[in-house]
């Protein structure tokens, strides 16, 4: 039975309870979950927390959210189980650092390639995303979704489908750490400035500058121990 939640991060507790219902067979594959309103009432939490929990469950591959229809339990494929394992790992700071190391290896090069290949439509798309990020910030939001959109749009501009799929996975895994980062006063503003500098370098068709601005942006966002930056340092050389 679902029961009221008494934890600080209520959406995480909601994820655990709904996941337990699914994994325990109470809601079999293909079953439609109760509505957001009903889940909120049964769990004793607000609907925004329910929506966040459902988003996490979708990323984990446990449910599918169908606009206008509701949320449905999905088949437990090996891929979804792997995503669930990765999400669990990222509750530990050590794995967050390792995730950032991977992003430091990939994303400066992505920015460099985008500076060479981005079309005018790509640049307009990136500019529009930054505008929505600023709007989210002005309304008290975190801009985390727009942040993911920006990095994905940047990767799309490169035109490499395999790289795009890899980046999608990395950004899905990064969302919660980024959200925590953005809650610290002043950091969202710095992140927005970093995105703007990256976009300026791409507009100027300057691969080297775009690469350096991306690396600086990532290192500003998360504090990675110096001893673990050896792999990424080669991008500065």
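Every number here is computed from the coordinates shown, using simple stated rules; none is lab data. Everything numeric in this text was worked out from a predicted model, so none of it was measured. Every residue, glycine among them, receives a Cβ derived from its backbone with ideal geometry; neighbour counts consider all protein chains shown.
How far is it, in nm, from the label point at residue 102 to the one at residue 69 when both lie 7 Å from their Cα along the line to the Cβ?
3.0
Fully extended, how many nm does the chain gain between residue 26 and residue 165 (0.36 nm per residue separation, minus their Cα-Cα distance)? Walk me through the numbers on the way to the answer.
Details: separation 139, 0.36 × 139 = 50.04 nm, distance 3.28 nm.
Computed gain between residue 26 and residue 165 is 46.8 nm.
Pop the C-beta distance of residue 12 and residue 190 into the FRET formula with R0 = 22 Å and round what comes out to the nearest 0.05. Working shown, then result.
On the way: r = 26 Å, r/R0 = 1.20.
E between residue 12 and residue 190, to the nearest 0.05, is 0.25.
Please state the relative contact order of segment 90-231 as a whole percent: Cα pairs under 8 Å, 6+ residues apart? Display every interim value, and only then the final one.
Values: 152 pairs, mean separation 55.0, N = 142.
Once divided by the residue count of segment 90-231, the mean separation gives 39 percent.
Describe numerically, in nm with one decimal, the distance between label points set 7 Å from Cα along Cα→Cβ at residue 47 and at residue 208.
Distance between the two pseudo-spin positions: 5.4 nm.
Neighbouring Cβ atoms within 10 Å as the yardstick, rank 189, 172, 213, 139 fewest first.
Details: 189 12, 172 16, 213 23, 139 8.
By the 10 Å Cβ count, ascending: 139, 189, 172, 213.
How do 150, 181 line up, fewest other C-beta atoms within 10 Å first? Don't skip to the answer; put the middle values down first.
Working: 150 25, 181 21.
Ascending Cβ contact count within 10 Å gives the list 181, 150.
Could you please rank 152, 199, 130, placing first whichever residue has the fewest other Cβ atoms within 10 Å of its Cβ? Mind showing how you got there, number by number?
Details: 152 15, 199 23, 130 20.
Placing the least packed residue first, the sequence is 152, 130, 199.
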